[in-house]
Amino acid sequence: MKVLVIGGGAREHALCRSLSQDPSVTELHCAPGNAGIARVATLHPVDQLDGAQVLDLAVRLGAELVVVGPEAPLVAGVADPLRAAGIPVFGPSAEAAQLEGSKAFSKDVMAGAGVPTARSYVCTTPEEAAEALDAFGAPYVVKDDGLAAGKGVVVTSDREAALAHAASCERVVIEEYLDGPEVSLFAITDGTTVLPLQPAQDFKRALDGDEGPNTGGMGAYSPLPWAPAGLVEEVMESVLQPTVDELRRRGTPFSGLLYAGLALTSRGTRVIEFNARFGDPETQVVLARLRTPLAGVLLAAGNGTLDQLEPLRWSEEAAVTVVVASEGYPAAPRTGDPIEGLAEAEADGTAYVLHAGTRAGGDGEVLSAGGRVLSVTATGADLAQARERAYAGVGRISLKGGQHRTDIALKAATA
Ligand code: AMP
């Protein structure tokens with residue numbers, strides 16, 4: 001199978017790594033990719049938001065499966081011309097990707113499907129925002145309605161800051177605060193059949209102890225030893241299947257990856273958000289544990305034959321990934337710095353480095369090219385061992401001003 005992956009972050013590196021290990025994959029391409037992905041796939045310089053360019057590349061390569069990684073191309077509708085041309089694609093249509101592209105649409109789908117989520121108001125004026133904030137009280141949750149790369153959400157007890165964030169967005173969703181630990185649960189779906197993956201937890205705040213600003217994600221781990229038994233079954237029944245059914249009923253069937261961000265609150269499981277693609281960095285740990293070859297699973301979703309797939313096989317091992325970010329991330333990431341120690345980090349064979357924002361320099365060196373630069377990943381007999389290995393890898397890497405959290409999976413590993 002010739003496979004083309006669209007995107008160029010650590011999630012796409014994780015996808016490409018798994019696809020490159022699948023014996024059914026004969027050719028692997030990625031557009032635009034990054035310096036790490038170049039080791040396992042052929043890169044193509046393409047504007048990933050341009051559906052015509054992506055289609056042209058897929059046709060030229062004779063791609064038999066196109067996997068669209070990030071949300072921006074999905075929301076821009078890159079999957080649609082591919083599907084129209086009869087090329088199997090993993091990723092939803094532009095219409096279905098509104099599940100992530102618009103918080104208001106997502107809330108409407110949840111209401112229609114009876115999916116438990118935070119009560120919310122959609123607001124477009126300062127007066128509406130103030131009223132909504134006062135209706136719920138502190139802590140305040142204010143979400144930019146559109147795509148914001150995981151950075152459009154402000155959770156604060158400062159009413160002025162909440163109002164200021166609302167004023168800086170065209171349209172916001174203001175909602176009740178959900179307490180309790182967060183879980184990310186991914187499901188692969190062809191629009192009808194839903195196949196849940198293993199749950200993971202990510203770390204959204206920039207600094208140790210969940211301090212600092214929200215980011216795209218600073219690390220993740222799986223499995224979750226503390227999660228209640230039966231969580232996946234419960235979320236399948238109360239969230240994932242009803243949402244997929246509701247989207248099909250509306251005439252916008254969703255095929256690809258449905259990501260449920262959940263809060264396990266004192267009053268039960270609630271959806272914090274849906275995403276329309278693999279989450280980054282949770283994908284790095286979920287795929288580290290998936291034993292079933294990936295291409296066939298993604299192709300079955302693209303072809304609408306998930307009901308015929310054998311049950312997924314999982315490793316008993318635990319996986320941890322630690323993100324190395326550039327100086328100034330998330331506010332003003334500094335780029336263009338050389339990264340050293342990449343080979344050393346992988347030398348003992350226990351950790352591997354997935355590239356996020358990197359590019360090849362002129363002399364064969366690897367340079368930072370984004371806010372999140374690397375995602376150092378390891379598996380182990382348990383979370384403690386996986387952490388130890390991932391952090392040993394991180395310790396061998398040097399990037400000027402580079403930053404990472406030191407407490408990824410710490411609580412879960414020591415509980
Ligand atoms: P989102 O982009 O919707 O996932 O929000 C980013 C982060 O903000 C989430 O991972 C939560 O930590 C936090 N968050 C979002 N919505 C809520 C909520 N209703 N209550 C508490 N925290 C929230």
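The values are calculated or read from the model by the stated rules, or taken from the named source; none is laboratory data. Since the model is a prediction, treat every value here as computed from it, not as a measurement. Quick reminder, even Gly has a Cβ in these numbers, built from the backbone with ideal geometry, and neighbours come from all protein chains shown.
Table for the structure above
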{"read-out": "From the options Val109, Val122, Val183, Val78, residue that is modelled with pLDDT under 95 and not acidic (Asp, Glu)", "value": "Val122"}
{"read-out": "Residue check, Met236 within 16 Å of the ligand (Cβ to nearest atom) and touching a residue at least 40 places away in the same chain (Cβ under 8 Å)", "value": "no"}
{"read-out": "Residue tally, condition free of Cβ contacts under 8 Å to residues at least 60 places away in the same chain, among the hydrophobic types (A, V, I, L, M, F, W, C) and part of a loop (DSSP other than H, G, I, E, B), over region 307-348", "value": "2"}
{"read-out": "Where a residue in region 164-182 is under 25 Å from Pro116 (Cβ atoms) and hydroxyl-bearing (Ser, Thr, Tyr) and its partner, wherever it lies, is part of a loop (DSSP other than H, G, I, E, B) and within 12 Å of the ligand (Cβ to nearest atom), with Cβ under 7 Å and at least six apart", "value": "Tyr177/Pro139"}
{"read-out": "Residue among Gly341, Gly361 that is within 25 Å of Arg387 (Cα to Cα), in contact with a strand residue (DSSP E or B) (Cβ under 8 Å, 6 or more places away or on another chain) and among the small types (Gly, Ala, Ser)", "value": "Gly341"}
{"read-out": "In region 131-180, residue modelled with the highest pLDDT [restricted to those that are of a type in the set (Asp, Glu) and closer than 19 Å to Gly101 by Cβ]", "value": "Glu175"}
{"read-out": "Exclusive hit being touching a Pro at 6+ places or on another chain (Cβ under 9 Å), at pLDDT 95 or above, farther than 20 Å from Leu294 by Cα and assigned to a helix (DSSP H, G or I), set Leu49, Leu19, Leu55", "value": "Leu55"}
{"read-out": "Residue selected from region 159-183 under the condition within 21 Å of the chain's Cα centre (by Cα) and surrounded by fewer than 18 Cβ atoms within 10 Å (Cβ to Cβ), by the criterion nearest to the ligand (Cβ to nearest atom)", "value": "Glu182"}
